[in-house]
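Reviewing the structure listed below.
The values are calculated or read from the model by the stated rules, or taken from the named source; none is laboratory data. The structure displayed is predicted, hence computed values, not measured ones. Cβ: placed from backbone, ideal geometry, glycine included. Neighbour counts: every protein chain shown.
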Amino acid sequence: MKQFNGAFFRDLWRMVKPYWWHSEERWVARGVFAFIILLNLFMVFISYRITEWYAVFWNALQRFAVNAAWHQMLIFLGLATLYIIAAVSQTFFTQMLEIRWRRWLTRQYLDSWLAKSTFYHMQVLGDGTDNPDQRISEDLASFTGQTLNIVIGLLSSATTLAAFVFMLWNLSAMITIPWQGSIYTIPGYLVWAALIYSVLGTILTALIGRPLISLNFNQERYQADFRFSMMRLRENSESIALYGGETEERHHFLQRFANVYANYWRIIWRSMRLNWWVSGYGQVAIIFPILVSLPAYFVNKAIGIGGLQQIASAFAQVQGALSFIVSSYGSLANWHAVVDRLRFFEQSMDEVRVIRETHYQIEHKDGPRLIVRALNVRLPDGRELIHHLDLDVRRGERLLIMGPSGGGKSTLVRALAGIWPFGEGEVKLPRSDRPLFLPQKPYLPLGTLRDVLVYPFGVPGVGDARLQQVLHLVGMEALADKLDDARLWSHVLSLGEQQRLAFARILLQKPQWVFLDEASSALDEPAEDALYHMLVEELPETAIISVGHRSSLLRHHEHCLHLLGDGSWRLEAVVHPVPGGQQPALA
């Protein structure tokens, strides 16, 4: 089982340790886990007593001792009741610990994934790591539940082995082997038989079932890819419908499902081979202890029916404890795949952090205004987009960034926002001010229209009247009576309407600095002109830094930064003519 190597267990320990050693819940978790172990020990004790009960009860039946048999039935009823109470309690506390651990891990993974825009950098800088949403939402649930079950199963097997191996060793003294007229006694005969049987079974199970680890890993990935592709269809339903791309999408869906189907068949065939062996192994285990005990029963009559039943029960307990891997190999293979998905997810986040720390040399500092000094912005392949940029923008000033497509306009905005790592230089902005960055396609969160309008910072105490007023200002008065409607607004509204709502956010949140990355590109020029005019009128103290292609935007800005595409740039003042004159020109 090469997959269970040192690197696997080191990464597993790194994933497990924080909750049990450093979290604020560690003492509660340890206490609950200790109680689960006590319940487990109690259940092993009950199992031990029931195994002893077998000999007394069956011997009473063999002697036709009616009163003794009924007395033993009452004893069994009491033992079984205690066992059921302990088993149900153990399940309850295990599930409680599982959900608490999952809650803590979910918060930690979400914090790591969201911190410093790691989720964005994983897509831009790394390999993208397929379906991080599934790893957090589903794999963490599987990880906590399966890890607890495996650990408790191992501890149960260990305590069961410790308890019953002595009983089985003592029972072995009753087993004699006749051979060529002599009688032989092998110390611990039944223990060695159980050990040999279990070790051989474990080795063969590992050889047969090892491919299931990678197959389960791939199955999770293929199913997540298939599900994600359908999510993409839902998110882009209008575009696909306009393109008439249903046939192509169906083709892609079936291609992805073909991976699910083919890999699942591989799992079926491998599981069938494993199940043949495990089922046969389990059935033989039922008769095996009786088989090795028959000489003592038939030849020298050293044991009775009760002794045989006790040996069978004790052997089953020892063999089951030793065969934990055999009986749990399917679960272990699935658990290994889940751990791999989480550890590779963590490694991907670590790689992104290293890239960010290695390449991100743009210093963001506190300053009286937006000050950019000696800023270089590059692509991941090293090609320079902007060389040695110097800017100085005060509150209330308006700057338009223009240039050819691919010339670095949006990348510059990302660098100013602090999410683009490739470059050097210095960016100053007042830390007490909260800038608002608006991309070309606004993000509309799930929820009511009210939630959409106040995203991302919220506007405490804002009333319906103000929200309706803002909707009217941006030309969306038709939605004024739908503030509490919860819809998938990104699908209900056109891109132009979504951009109008983004301008409404500016009016509601009143940031001191607004960065508009082609945030009005889907609007016609009169609508764009009206919205910019409204911003200048409503927020005269707000600095506006816009990215755009239309020359009509010049009338709303005082300076224009031209990015020339080869790293060079040119900053010019916009000359505004008198009312009724010509279009604005560059000085």
> So which residues in region 429-447 are among the polar types (S, T, N, Q) and farther than 23 Å from N236 by Cβ, if there are any at all?
Replying inline: S432
>> Any residue that is more than 21 Å from the chain's Cα centre (by Cα), over 30 Å from G209 (Cβ atoms), touching a residue at least 24 places away in the same chain (Cβ under 8 Å) and part of a helix (DSSP H, G or I) - is there at least one of those in region 10-25?
In response: no
>> If a residue must be modelled with pLDDT under 90, closer than 30 Å to V393 by Cα and among the polar types (S, T, N, Q), how many such residues does region 348-382 contain?
In response: 2
>> With the structure loaded, tell me whether R256 is in contact with a Ser or Thr (Cβ under 8 Å, 6 or more places away or on another chain), part of a helix (DSSP H, G or I) and among the charged types (D, E, K, R) or whether it fails that test.
In response: yes
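State all residues of region 357-404 that are among the β-branched types (V, I, T) and crowded, with 20+ Cβ neighbours inside 10 Å; if no residue qualifies, say none. I'd like the intermediate steps shown before the answer.
Looking only at region 357-404, we keep the residues that are among the β-branched types (V, I, T), and these are 358, 362, 371-372, 377, 386, 393, 401.
The answer is I362, V372, V377, I386, V393, I401.
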> In this structure, does L74 turn out to be assigned by TED's automatic domain parsing to the domain that holds S157, modelled with pLDDT of 90 or more, in a helix (DSSP H, G or I) and buried (at least 18 other Cβ atoms within 10 Å of the Cβ)?
Replying inline: no
> Does region 54-63 contain any residue that is touching a Gly at 6+ places or on another chain (Cβ under 9 Å), within 20 Å of V318 (Cα to Cα) and in contact (Cβ under 8 Å) with a residue 60 or more places away in the chain?
Replying inline: yes
> Does G407 satisfy the criteria of being surrounded by fewer than 20 Cβ atoms within 10 Å (Cβ to Cβ), among the small types (G, A, S), outside the structural domain of Q123 (by TED's automatic domain parsing) and over 24 Å from N236 (Cβ atoms)?
Replying inline: no
> Of (1) closer than 30 Å to P132 by Cβ; (2) crowded, with 17+ Cβ neighbours inside 10 Å, I46 satisfies all except one. Which?
Replying inline: (1)
> Going by the conditions given, is R414 in contact with a strand residue (DSSP E or B) (Cβ under 7 Å, 6 or more places away or on another chain) and charged (D, E, K, R)?
Replying inline: no
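Each row is one residue, and each column tells you yes or no for (1) in a loop (DSSP other than H, G, I, E, B); (2) in contact with a strand residue (DSSP E or B) (Cβ under 8 Å, 6 or more places away or on another chain); (3) in contact (Cβ under 8 Å) with a residue 40 or more places away in the chain; (4) not assigned by TED's automatic domain parsing to the domain that holds M122.
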position: S348; (1), (2), (3), (4): no, no, yes, no
position: V354; (1), (2), (3), (4): no, no, no, no
position: R373; (1), (2), (3), (4): no, yes, yes, yes
position: V377; (1), (2), (3), (4): no, yes, yes, yes
position: P380; (1), (2), (3), (4): yes, no, yes, yes
position: I386; (1), (2), (3), (4): no, yes, yes, yes
position: D392; (1), (2), (3), (4): no, yes, no, yes
position: R395; (1), (2), (3), (4): yes, yes, yes, yes
position: L400; (1), (2), (3), (4): no, yes, yes, yes
> Which ones in region 376-423 are among the hydrophobic types (A, V, I, L, M, F, W, C) and in contact with a helix residue (DSSP H, G or I) (Cβ under 8 Å, 6 or more places away or on another chain)?
Replying inline: V377, L379, L385, I386, L389, L400, I401, M402, I419, W420, F422
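Out of curiosity, is V260 at pLDDT 80 or above and over 23 Å from H491 (Cβ atoms)? Talk me through it step by step, then tell me what you get.
Working: at pLDDT 80 or above: yes; over 23 Å from H491 (Cβ atoms): yes.
Yes, satisfied.
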> Just a yes or no: is a residue in region 317-328 modelled with pLDDT of 70 or more, in the same structural domain as P132 (by TED's automatic domain parsing) and under 27 Å from the mean Cα position of the chain (by Cα)?
Replying inline: yes
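Select, from D130, D139, the only residue that is within 38 Å of the chain's Cα centre (by Cα), surrounded by 15 or more Cβ atoms within 10 Å (Cβ to Cβ) and at pLDDT below 75. Explain how you work it out, then say what you get.
Details: D139 fails: at pLDDT below 75.
Matching residue, one of D130, D139: D130.
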>> Checking G425 against (1) surrounded by 15 or more Cβ atoms within 10 Å (Cβ to Cβ); (2) modelled with pLDDT of 90 or more; (3) on the phi < 0 side of the Ramachandran plot; (4) not β-branched (V, I, T), only one condition comes out false. Which one?
In response: (3)
>> So, in region 226-243, how many residues would count as being at pLDDT 80 or above and either buried (at least 18 other Cβ atoms within 10 Å of the Cβ) or not in a helix (DSSP H, G or I) (or both)?
In response: 1
